[in-house]
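See below for the structure under consideration.
The values are calculated or read from the model by the stated rules, or taken from the named source; none is laboratory data. Just so it is clear, the structure is predicted and the values come from calculations on it, not from any experiment. Counting neighbours? That spans all protein chains shown, and the Cβs are built from the backbone with ideal geometry, glycine included. Each accessible area value is taken on the protein alone, full model and side chains, heavy atoms only, with ligands, DNA and RNA left out. Shrake-Rupley method; radii C 1.70, N 1.55, O 1.52, S 1.80 Å.
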Amino acid sequence: SFASPILLETDIADRAFIMTYPVGVDLDELPMQERARDNAFVGAVEWYNYSRAYWLALLNRAGAPIRRLVTRHNEDGLSPIDSFKSYLRKFQSVDCLLSLSMRRDGRRMATGRSFESIYTGACLLQEQTDDMNRFGFVEGVHYLSFTTFDDLMDRLCYIQSAPDAVQTIARQGQQFYAGKFMDPLIIQALGQRLDR
C-alpha cells in the first residue's frame, strides 16, 4: 500500500517516491465506445484478495446492480499491451467501476484498478482507503467511497438515482488525473526526484 506504515518511517519517508504507476496506454489508442448505464466489478479474485469473493457474494444475494466481470491472470493469446488495452476497454464500457481493495492482512489499499478506472473516465466506487487522499483525490468530487455493505448499497442507490452527478464526478476525477498523473508527468516527477 502507498500508505504502509514502513513508508512513513523517518529513514524511508525522505527516500520514497510515492506515485501512481504509468498506465502505458494513451486513451487515443483505445477506440471510443458508448458507455453503458452500468456498474461493474472488473478484476481478479485471488488468494491475496479473497475478501472480494465475500463482497461479490453479498452483492449477488442482495440483487445489487453490479455486473461481475471476474478476470483471470491467464494467457489470453494477446501481447501484454494488447491484453491490457482489452482490459481498459472494459473500464470504458461502463459508467461506474467498483474497486475492492482489502488484502489478507486487513489493509485496504488503492490498486491499479483505482487509478485505471479514473484514467478511463469511469466513476470509481472505491472501498475506503487512505491512499486516495494521499494522492489528492477527494471523495465525492473525484470518486466515491464506501466502508460497510450498507454504505455500499447506499452508494449504489445514489449512483442509480443521480446519473448526471455520477458523470460529473467521473469527469472531475479524470480531469484531476490528467493534470497530475499522466505518464509524462510521472516520469518528469521521477526525474526531478532523481536529480536531487
If I require 15 Å or longer along the helix axis, counting alpha carbons, and a Kyte-Doolittle average no lower than -1.0, what helices from the chain are left? Use full DSSP H segments. 51-62, 80-92, 149-161, 163-180, 183-195
Using only DSSP helix segments of four residues or longer, with each worth -39500 (n - 2.57), what per-residue ellipticity at 222 nm results for the chain after dividing by its residue count and rounding to 500? -13500 deg cm²/dmol
On the accessible surface of the chain, probed at 1.4 Å, how many percent belong to carbon and sulfur atoms? 53
Taking the highest mean first, how do the peptides 175-183, 161-169 order by number of other beta carbon atoms within 10 angstrom per residue? 175-183, 161-169
Could you state the accessible area per residue of the chain in Å², with a 1.4 Å probe and every protein chain left in place? 53
Once you charge only the Cβ atoms, +1 for Lys and Arg and -1 for Asp and Glu, what is the size of the charge dipole of the chain about its Cα centre, to the nearest 20 debye? 340
Please list, ordered by chain and number, the residues whose modelled amide H lies under 5 Å from the amide H of Leu98; skip anything fewer than 5 residues away on the same chain. Ala40, Phe41, Val42, Leu125
Of the DSSP beta bridges with both residues in the chain, give the percent that are antiparallel, rounding to the nearest 5. 5
